[in-house]
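In what follows, a single structure is set out as structure tokens and then discussed.
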Amino acid sequence: MSEALTAFRRPPGPEPVAELGVNPETLDTLLGVRDEFGDIACVNQRGGRLAYFINDPAAVRRILVRRHARYVKGPGFERVKMLLGNGLIVSDGAVWRRSRTMIQPSFSRQNVHRLLKVMVQCCDRRAVRWAQAVEQDEVVNITAEMSDFALELILISTFGDDYESMITVDGENPFAFLASNSTRDLSVVLKARNLRNLLLEIITKRRANSDSRSVDFLSMYMDATDRKGVAFKDSELLDELITLIVAGFETSANTLNWVWYLLAGHPQVEKRLLNECTNIMPNVSAVNPDALAEMTYAQQVLEEVLRLYPPVWLFTRRSQADDELDEFDIPPGTDIYLSPYILHRTAHHWPDPDRFDPDRFDLERLALKSVAKNDRPYFPFSLGPRRCLGEYFSFLEMKVHLGLLLPGFRMMRVRREDPGIELAINLRSASDILLKPEVRTL
């Protein structure tokens, strides 16, 4: 290591060189570093690059919110960029700022509320499938079901009427591999790139029929302009659409997968959530923004599931300018590792951290503890300017899903063993979760 680097005030850390990445070995390494050296530690990486592991909530917020301009995307995004291009998730600097400004209005509450009918329709189709499974005494692969549900929902929300007329016109969904293959390897990258010709066909059709556009994300993205009045180029639009589809279904699919699993093992939580759903949304006609906002316990359940199983378990950044924490310096070129999964399961931040307890997110309880909602040691959707734009959309679709399907079906576990976790770009269950549906009689 250079003499210049050794002059910095470095956090404590292990002497041996470590190889960090987006993999289970890195989780083990970071957990060991936390347990031995605390919530801010330094790790020597192969090649001489310095890495800081930061598990302190105030320091995490400082980097992601207050000092975000001093950092760019860190290691591990190479595979993501191969899949998504230079879309909002992987872009940096002026490209990211322009895209963020153009896309943000599409996710306003008013625009998201216009898609509630799509959410209801997708839930209705899932209810029909589950009723058939009950009649045939079948077990449901809830992991596959939630992937199919969330993918269908984001595709219809993105393409509107073109979903049936141009995407599933032959009865096959060319996007289905995204739900069935979680590896995100080169074969998936190549399939995603092949979809761009189809997307260009849909865009060309929209431009030729601009007077009869659907209410969907594609139309909103096509109408978006930057501060100079310039719209997305086709290449930019394609990157953002692929990003929207992949990111738009994975978070909800993974979260709902764990929701149904945990509800099946925690009957008291299920009973309380069921009471809220039946009281606030007794039928489909009651699905509206005000009713969904009243589903406070559903919000607590979802936030607790996201605490235990954050879809992105590891965020990385790389410093591009000098920075400092209270006691330590961060030289340029330092890799920063931030793990919601580790922070959310650290006992001195979350007592009894492995226990499923939605009451942790009771806002009245938090107020009594004088904990502001935005100051919680919690960041499943990241924080600051790069916080996920689709957060509200995701919570809304998951509340609609639970509000309409939980009163109709009880799910029971068919396996005793824990499904485990798969740690790749996203956190998933290591094995598919199988549940036995039963029609609920209220």
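Find the residue count for region 56-84, including only residues that are farther than 17 Å from His344 by Cβ and not in a helix (DSSP H, G or I).
Number of matching residues: 8.
Got at least one residue in region 112-123 being more than 29 Å from Leu238 (Cβ to Cβ) and either polar (S, T, N, Q) or surrounded by fewer than 21 Cβ atoms within 10 Å (Cβ to Cβ) (or both)?
Yes: one or more hits.
Could you tell me which of the residues Leu292, Leu237 is assigned to a helix (DSSP H, G or I) and touching a residue at least 40 places away in the same chain (Cβ under 8 Å)?
Unique residue meeting the criteria: Leu292.
Considering only region 170-189, I want to know if a residue exists there that is without any contact (Cβ under 8 Å) to a residue 12 or more places away in the chain, out of contact with any Lys or Arg (no Cβ under 7 Å at 6 or more places or on another chain), assigned to a helix (DSSP H, G or I) and surrounded by 14 or more Cβ atoms within 10 Å (Cβ to Cβ).
no
Among (1) among the β-branched types (Val, Ile, Thr); (2) at pLDDT 95 or above; (3) surrounded by fewer than 22 Cβ atoms within 10 Å (Cβ to Cβ), there is one condition Val305 misses while meeting the rest; what is its number?
Single failed check for Val305: (3).
For region 30-55, what are the residues that are touching a residue at least 24 places away in the same chain (Cβ under 8 Å) and either assigned to a helix (DSSP H, G or I) or among the acidic types (Asp, Glu) (or both)?
Listed by number, the residues that qualify are Leu30, Leu31, Arg34, Phe37, Asp39, Arg46, Gly48.
Among the residues of region 199-224 satisfying the criterion of being among the β-branched types (Val, Ile, Thr) and either closer than 16 Å to Ser235 by Cα or in contact with a Leu (Cβ under 6 Å, 6 or more places away or on another chain) (or both), which is surrounded by the fewest Cβ atoms within 10 Å (Cβ to Cβ)?
Thr204
Applying the selection to region 379-400, what residues are assigned to a helix (DSSP H, G or I) and either in contact with a strand residue (DSSP E or B) (Cβ under 6 Å, 6 or more places away or on another chain) or at pLDDT 95 or above (or both)?
Passing the criteria: Glu391, Tyr392, Phe393, Ser394, Phe395, Leu396, Glu397, Met398, Lys399, Val400.
Looking at Val90, Val17, can you tell me which residue is among the hydrophobic types (A, V, I, L, M, F, W, C), at pLDDT below 95 and in contact with a Phe, Trp or Tyr (Cβ under 6 Å, 6 or more places away or on another chain)?
Answer to the check: Val90.
Checking Glu438 against (1) surrounded by 15 or more Cβ atoms within 10 Å (Cβ to Cβ); (2) touching a helix residue (DSSP H, G or I) at 6+ places or on another chain (Cβ under 8 Å), which single condition isn't satisfied?
In the conditions (1) surrounded by 15 or more Cβ atoms within 10 Å (Cβ to Cβ); (2) touching a helix residue (DSSP H, G or I) at 6+ places or on another chain (Cβ under 8 Å), Glu438 misses (1) alone.
Pick out the one residue from Pro358, Pro353, Pro385, Pro380 that is surrounded by fewer than 20 Cβ atoms within 10 Å (Cβ to Cβ) and either touching a residue at least 40 places away in the same chain (Cβ under 8 Å) or hydroxyl-bearing (Ser, Thr, Tyr) (or both).
Result of the check over Pro358, Pro353, Pro385, Pro380: Pro385.
Of the residues Ser219, Ser252, only one is more than 30 Å from Val140 (Cα to Cα) and either modelled with pLDDT of 90 or more or within 20 Å of the chain's Cα centre (by Cα) (or both); which?
That would be Ser219, the only listed residue that is more than 30 Å from Val140 (Cα to Cα) and either modelled with pLDDT of 90 or more or within 20 Å of the chain's Cα centre (by Cα) (or both).
In region 336-349, what residues are at pLDDT below 95 and either in a strand (DSSP E or B) or crowded, with 17+ Cβ neighbours inside 10 Å (or both)?
Across region 336-349, the qualifying residue is only His349.
The values are calculated or read from the model by the stated rules, or taken from the named source; none is laboratory data. All values reported here derive from a predicted model rather than from experimental measurement. Don't worry about glycine lacking a Cβ; one is built from the backbone with ideal geometry, like all the others, and counts go over all protein chains shown.
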